[in-house]
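Remarks on the structure that follows.
The values are calculated or read from the model by the stated rules, or taken from the named source; none is laboratory data. Computed from a predicted model, the values in this text were never measured in an experiment. Cβ coordinates were reconstructed from backbone atoms using ideal geometry, including for glycine residues, and neighbour counts include every protein chain displayed. The accessibility values were calculated without ligands, DNA or RNA, using every heavy atom of the protein model including side chains. Shrake-Rupley method; radii C 1.70, N 1.55, O 1.52, S 1.80 Å.
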Amino acid sequence: MDTVACPDCDLLQRLPEVPPGSKAQCARCGATLAARKPDPIDRPLALTVAALLVLIIANTAPLMGLAVAGRRASTTIAGGAYQMWLQGQELTALIVGFCAVIAPAGYLVLLLTVLLAVRYPPAPHWVGALLHWANRMQPWSMTEVMMLGILVSLIKIAELAKVEPGIGMYAVGVLMLLIPAIASSLDPDEIWARVAWAAGDAPEPAGEVRGAEDTARRPAR
């Protein structure tokens with residue numbers, strides 16, 4: 001058990017392992033001392049796999065199609081960045097390619113590796129480094145900014161040509177929802193706890209773990 005101080009009233013209390021989906025509250029003021037998300041590994045793992053599949057579709061399927069005077073053309077996200085490069089907009093092409101393709105792919109691949117590695121603890125020692133780099137890549141995965149840019153472009157292009165949304169655009173919309181869902185369901189503390197287990201600090205057996213509600217009412221010793 002760890003001894004923690006309540007962030008609101010400073011009462012020192014012993015905090016046992018909190019079961020998934022539960023939380024521990026201060027015995028004096030009721031403030032939350034610790035909380036664990038339900039299914040902290042398998043749920044973000046499933047969402048990450050789904051996001052990777054959607055990312056592949058978003059980068060291989062046509063993003064949108066244009067029809068002007070009987071002529072049709074379509075492009076993908078990577079194809080659009082490549083065309084920017086050919087037109088002399090190298091910096092813009094690099095930013096679009098990194099934020100729309102490289103950063104999301106790197107974040108999801110690193111996170112998938114971490115979640116698979118910690119699914120059966122003890123986790124390897126390199127998991128912490130991968131989790132650190134995944135957290136560094138996540139802010140650069142700007143799928144929502146890309147979707148906003150696509151919608152603005154559609155409004156402007158619609159006056160000049162017939163625009164046909166492609167499968168890639170719908171995939172980007174789904175990806176825009178999946179990445180925040182992964183972040184909200186992921187519990188970094190659970191991952192770090194399994195890394196600590198690999199270092200020799202095994203958690204308490206499940207039979208010795210007490211409910212959070214009982215812990216909240218137990219006075220400090």
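General remarks:
- Potential lengthening between SER184 and ALA50 on full extension [0.36 nm per residue; Cα-Cα distance subtracted]: 46.7 nm
- Note on ARG119 and TRP85: their simple-model spin labels are 3.4 nm apart, each label 7 Å out from Cα toward Cβ.
- 3J(HN,Hα) couplings calculated from phi for region 78-93 with the Karplus curve 6.51 cos²θ - 1.76 cosθ + 1.60 (θ = phi - 60°) are, in sequence order, 5, x, x, 5, 5, 5, 4, 5, 5, 8, x, 9, 4, 5, 5, 5 Hz; Gly and Pro show x.
- With all protein chains modelled, accessible area of ARG43 [1.4 Å, Å²]: 120
- Region 86-119 versus region 5-41: alpha-carbon centroid distance in Å: 36
- Listed peptides 6-16, 100-110, 24-34 appear in the order 100-110, 24-34, 6-16 once ranked by packing, highest mean of other Cβ atoms within 10 Å at the front.
- Karplus 3J(HN,Hα) series, Hz, for region 169-186 with 6.51 cos²θ - 1.76 cosθ + 1.60 (x for Gly, Pro): 5, 5, 5, 4, x, 5, 4, 4, 8, 6, 4, x, 5, 5, 4, 6, 8, 6
- Amide H to amide H, with H built 1.01 Å from N, THR76 comes under 5 Å of LEU63, counting only residues 5 or more places away or on other chains.
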